[in-house]
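Working notes for the structure below.
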Amino acid sequence: MAEVRNDFTKGKMWQVILKMAVPMMLAQLVNVLYNVVDRVYIGHIPGVGSLALTGLGLTMPIISVITAFANLCGSGGGPLCSISRGEGNKERAELVMGNTFTLLLIFGLTLTVLLSVFMNDILVLFGASEDTLPYAAEYTRIYLFGTLFVMISLGMNAFINAQGFARMGMLTVIVGAVVNIVLDPIFIFVLDMGIAGAAWATLIAQFCSAAWVLRFLFSSKAILDLRPAFMRLRADIVGRILALGVTGFVMGVTTGLVQIACNVQLQRYGGDLYVGVMTVINSVREIAFLVMQGLGAGAQPVLGYNYGAKAYDRVRTGIRFFCISSFLYACTVWLLSMLIPDLLIQLFNRDAELLRAGVPAVRIYFCGFVFMSMQSAGQCVFVGLGKAKYAVVFSMLRKVIIVLPLVFLLPMIPALGVHGVFWSEPISDLLGGGACFLTMFLTVYRKLGREEKLAGREV
């Protein structure tokens, strides 16, 4: 019954994608709350809110690296699992899931040890000052104890979605977010634990999410079985997982590298104030991305399943729907960031100086957001159809080849100064997003049309 119910070759593509995407968008919304709520509460701690918020912002590259390793496994294994299901190969789908689980355990334990040992040196390298280091170190020390929980909840939730259980995948995030949102004010303000309270609330929430994922995957409700026999690593399976997942990994790592570079340059040209501004902007960006991420998460298993079933006309229809939806949403985000940047900033901190510096920075950073939808569309299609090479190339192009050099070069222009750091983002949106979308259109969308015509002639 479950196999028939979760057959993505049935029904209109936009309806199938939305059926998967709406729960995932809600999950992304809750996930953003999960990540952002700490910053909201911490930014409003009396007396030290601004410094504590800046210290928390310095931990974001570390969190990005942990997320990158979870994506290396989950965003590689999830689409492969969907493609195998579309081909009717259940055993291979279960092998992919079991091998992914083992990889997550290995990476999670390794990261916990390495990051804990070198934590202070890493935070100083990331731009921590004498004033902000204590806050960053206190949060990171506790957060790292939950690394394994983060890996499992993020990485294995992809397999709940790949089996078509989008609502259950949504609940994975909701469980953790609700726990975090409830515990944050209790630990931070009632128990007066400050930034340590936020870290403990996050750790407990991550444990709850991981427990929820494992409870479902080991239950009789799942289509695929997470069996110990399939957890033994196989070179061919691991190779495919890592080859496709390297896109999510590169995106996570390069995001961390860009955050580090931005913090260093902002500290150099503007001090702690502008590092705090970037923390707020990254938080706003997470909120802005939630719909596109939810649409992408919903579209990928549907596109991959239909691609595995050789339903190329449906794949093309799904691509069109995703691209148009993402573009229209990006236009809305752009408009809001131009009109009410002050209200967006005040979600996190009401400091007058932060607002003065933050308003023009938000407008600069988001002025090219419409083009970011093109990058998102291209990456979603490449990953969903298992085309790892293209996905990796364009992840590297936007962040490493375009953004990183601009972060260091633009502030050297006297007319730009510290604002040059923020200008690097819209320039990369235009160049990287345009190149990614054009390549997807030429190498995937048009090619699928030709293959569909050939299949029609053969019939």
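Residue by residue through the range 323-349, note down the ones that are free of Cβ contacts under 8 Å to residues at least 12 places away in the same chain and farther than 30 Å from residue 381 by Cβ.
Keep residues of the range 323-349 that are free of Cβ contacts under 8 Å to residues at least 12 places away in the same chain, which gives 324, 328, 332, 335-336, 339-340, 343, 346.
Hits for the range 323-349 are 339, 340, 343, 346.
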Q: Go through the range 371-397 and give me each residue that's open to solvent by 30 Å² or more (accessible area, probe 1.4 Å), closer than 24 Å to residue 286 by Cβ and of a type in the set (A, V, I, L, M).
A: 374, 392, 396, 397
Q: Starting from the range 412-423, take each residue that is modelled with pLDDT of 95 or more and list its partners that are assigned to a loop (DSSP other than H, G, I, E, B) and among the hydroxyl-bearing types (Ser, Thr, Tyr), counting only C-beta distances under 8 angstrom and pairs at least six apart or across chains.
A: none
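For the range 169-196, name all the residues that are of a type in the set (A, V, I, L, M) and more than 19 Å from the chain's Cα centre (by Cα).
To start, the set of residues in the range 169-196 that are of a type in the set (A, V, I, L, M) comprises 170-171, 173-175, 177-179, 181-183, 186, 188, 190-191, 193, 195-196.
Within the range 169-196, 178, 179, 181, 182, 183, 186, 188, 190, 191, 193, 195, 196 qualify.
Look at the range 187-208 and say how many of its residues are in contact (Cβ under 8 Å) with a residue 12 or more places away in the chain and more than 17 Å from residue 142 (Cα to Cα). Even if it seems obvious, please write down each step before you answer.
Residues of the range 187-208 that are in contact (Cβ under 8 Å) with a residue 12 or more places away in the chain, as a first pass: 187-189, 194-208.
Pick out the ones that are also more than 17 Å from residue 142 (Cα to Cα) and you get 189.
Counting residues in the range 187-208 that are in contact (Cβ under 8 Å) with a residue 12 or more places away in the chain and more than 17 Å from residue 142 (Cα to Cα) gives 1.
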Q. Residues in the range 117-138: is at least one of a type outside the set (Lys, Arg), without any contact (Cβ under 8 Å) to a residue 60 or more places away in the chain and buried (at least 24 other Cβ atoms within 10 Å of the Cβ)?
A. no
Q. When the residues of the range 144-159 are filtered to those that are more than 17 Å from the chain's Cα centre (by Cα) and open to solvent by less than 20 Å² (accessible area, probe 1.4 Å), which remaining residue is nearest to residue 20 (Cα to Cα)?
A. 146
Q) Does residue 279 satisfy the condition of being more than 30 Å from residue 450 (Cβ to Cβ) and crowded, with 20+ Cβ neighbours inside 10 Å? A) yes
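Is there a residue being in contact with a Leu (Cβ under 8 Å, 6 or more places away or on another chain), open to solvent by less than 20 Å² (accessible area, probe 1.4 Å) and closer than 24 Å to residue 21 by Cβ anywhere in the range 182-204?
Quick first cut of the range 182-204, residues in contact with a Leu (Cβ under 8 Å, 6 or more places away or on another chain) only: 195, 197-198, 200-201, 204.
Add one more test, that the residue is open to solvent by less than 20 Å² (accessible area, probe 1.4 Å), and what stays is 195, 197-198, 201.
Still in the running and closer than 24 Å to residue 21 by Cβ: none.
The answer is no, given that none of the residues of the range 182-204 is in contact with a Leu (Cβ under 8 Å, 6 or more places away or on another chain), open to solvent by less than 20 Å² (accessible area, probe 1.4 Å) and closer than 24 Å to residue 21 by Cβ.
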Q: Please give the number of the condition residue 108 fails out of (1) open to solvent by 20 Å² or more (accessible area, probe 1.4 Å); (2) modelled with pLDDT of 90 or more.
A: (1)
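Out of all the residues in the range 207-234, which are of a type in the set (S, T, N, Q) and open to solvent by less than 10 Å² (accessible area, probe 1.4 Å)?
Within the range 207-234, the subset of a type in the set (S, T, N, Q) is 209, 219-220.
Scanning the range 207-234 gives a single hit, 209.
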Q.
I'm told residue 73 meets every condition in (1) open to solvent by 10 Å² or more (accessible area, probe 1.4 Å); (2) at pLDDT 85 or above except one. Can you identify the failing condition by its number?
A. (1)
Q: Please work out which one of (1) surrounded by fewer than 24 Cβ atoms within 10 Å (Cβ to Cβ); (2) within 28 Å of residue 321 (Cα to Cα); (3) modelled with pLDDT under 90 is the condition residue 400 fails and give its number.
A: (2)
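The values are calculated or read from the model by the stated rules, or taken from the named source; none is laboratory data. These numbers come from a predicted model, not from an experiment. A quick note on method: Cβ atoms are made from the backbone with ideal geometry, for glycine too, and the neighbour counts reach across all protein chains shown. Surface areas here come from the heavy atoms of the whole protein model, side chains and all, with no ligands, DNA or RNA. Shrake-Rupley method; radii C 1.70, N 1.55, O 1.52, S 1.80 Å.
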